[in-house]
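One structure is given below, encoded as structure tokens.
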Amino acid sequence: MRNLLLLTLLLGGAFAPVDEKANAIADEMMAALGGQEKWEKARFLRFTFVRQGRRLTLTWDRYSGRYRLEAMNDAGVPYAVVMNLLTRQGRAALDGRSLDGAELSEYLTLATRVWAGETYWLLAPYKLRDPGAILTYEGEETVGGATVQDRLHLRFENVGLTPGDQFWLYVNRKTRLLDRWRFKLQGGTEGDYRWAGWERFGGILLATERVGASGERILFENVLVTDALPEEVFTSLVPWNP
């Protein structure tokens, strides 16, 4: 799993102070999700991120950093990117036309930002112990006098594309799964979403729906977790479906 650590450090990772209680809850959550061993074996992940009519399909080789993105740009034109997140090198095509120069650089940068954002929406519970993540315990949430959740605060130390992001995680006392998160991003955006639709894929649990306090729904469709994919997934810019 050496390249997973390298990928984190590539984005600026550092090792953070320790809150033993918060880390213990994070470990309990990992166990409820399927366990560290099954997470480490989940090599390839593919999913379609659906939000406000926008669809982005991401395929990621967690071991090597290879990555594929298929989507449409703001003008509704389809594009595809295949690249390596470790080297930041790759290829892209817009409506079937291969890109180079400044256009290629633009789409490689876009794809990297999509990967950083949309995979975190899906995989945050698995990444609480990553280098550079600072996790602290902030108390209990009660309903009718009964404790129903533990609240954790997550911030970052010199890691990722937006190290000023902050999250508050509400961990279910019974299931040890994530019920909800609130966040305040580096750019000032705030949000409050329930995590729902927990399903098992390839031995690990993933939540397939986010429901915002305003009623907004974010969906994760066509989820695939596997230990093998064809090589052309990460080399060809021709549209691909499993």
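The values are calculated or read from the model by the stated rules, or taken from the named source; none is laboratory data. Source: prediction; values computed, not measured. Cβ coordinates were reconstructed from backbone atoms using ideal geometry, including for glycine residues, and neighbour counts include every protein chain displayed.
Among the candidates R176, R217, the residue that is within 18 Å of Y126 (Cβ to Cβ), of a type outside the set (A, V, I, L, M) and modelled with pLDDT of 95 or more is uniquely R176. From the list L178, L237, L169, the lone residue that is more than 20 Å from A116 (Cβ to Cβ) and crowded, with 18+ Cβ neighbours inside 10 Å is L237. Residue under question is G160, and the condition is that it be more than 19 Å from D27 (Cβ to Cβ) and either without any contact (Cβ under 8 Å) to a residue 12 or more places away in the chain or more than 18 Å from the chain's Cα centre (by Cα) (or both); does it hold? No: the conditions fail for G160.
If the requirement is being under 21 Å from D27 (Cα atoms), touching a Lys or Arg at 6+ places or on another chain (Cβ under 9 Å) and assigned to a strand (DSSP E or B), which of these qualifies: L219, L206?
Details: L219 fails: under 21 Å from D27 (Cα atoms).
From the options L219, L206, the qualifying one is L206.
When the residues of region 130-147 are filtered to those that are assigned to a strand (DSSP E or B) and out of contact with any Leu (no Cβ under 8 Å at 6 or more places or on another chain), which remaining residue is farthest from G160 (Cα to Cα)? Restricting to residues being assigned to a strand (DSSP E or B) and out of contact with any Leu (no Cβ under 8 Å at 6 or more places or on another chain), the top hit is A146.
Restricting the search to strands (runs of 3 or more DSSP E) fully inside region 33-116 and requiring at least 3 residues that are more than 19 Å from the chain's Cα centre (by Cα) gives 78-84, 89-94. With respect to the stated conditions, R210 is within 17 Å of L58 (Cβ to Cβ), at pLDDT 95 or above, of a type in the set (K, R) and in contact with a Phe, Trp or Tyr (Cβ under 6 Å, 6 or more places away or on another chain). Within region 149-179, the set of residues being among the acidic types (D, E) and either farther than 25 Å from A196 by Cα or assigned to a strand (DSSP E or B) (or both) comprises D150, E157, D179. If you go through region 224-236 one residue at a time, do you hit one that is within 17 Å of the chain's Cα centre (by Cα) and closer than 23 Å to I25 by Cα? No, because not a single residue in region 224-236 is within 17 Å of the chain's Cα centre (by Cα) and closer than 23 Å to I25 by Cα. Scanning region 85-112 for residues that are surrounded by 17 or more Cβ atoms within 10 Å (Cβ to Cβ) and either touching a Gly at 6+ places or on another chain (Cβ under 7 Å) or of a type in the set (S, T, N, Q) (or both) yields L85, L108, T112.
Within region 223-242, the residues that satisfy the criterion of being within 21 Å of A42 (Cβ to Cβ) and touching a residue at least 12 places away in the same chain (Cβ under 8 Å) are V223, L224, V225, T226, D227, A228, L229, V233, F234, W240, P242. Taken together, E199, E232 contain a single residue that is farther than 23 Å from E37 by Cβ, surrounded by fewer than 16 Cβ atoms within 10 Å (Cβ to Cβ) and not β-branched (V, I, T), which is E232.
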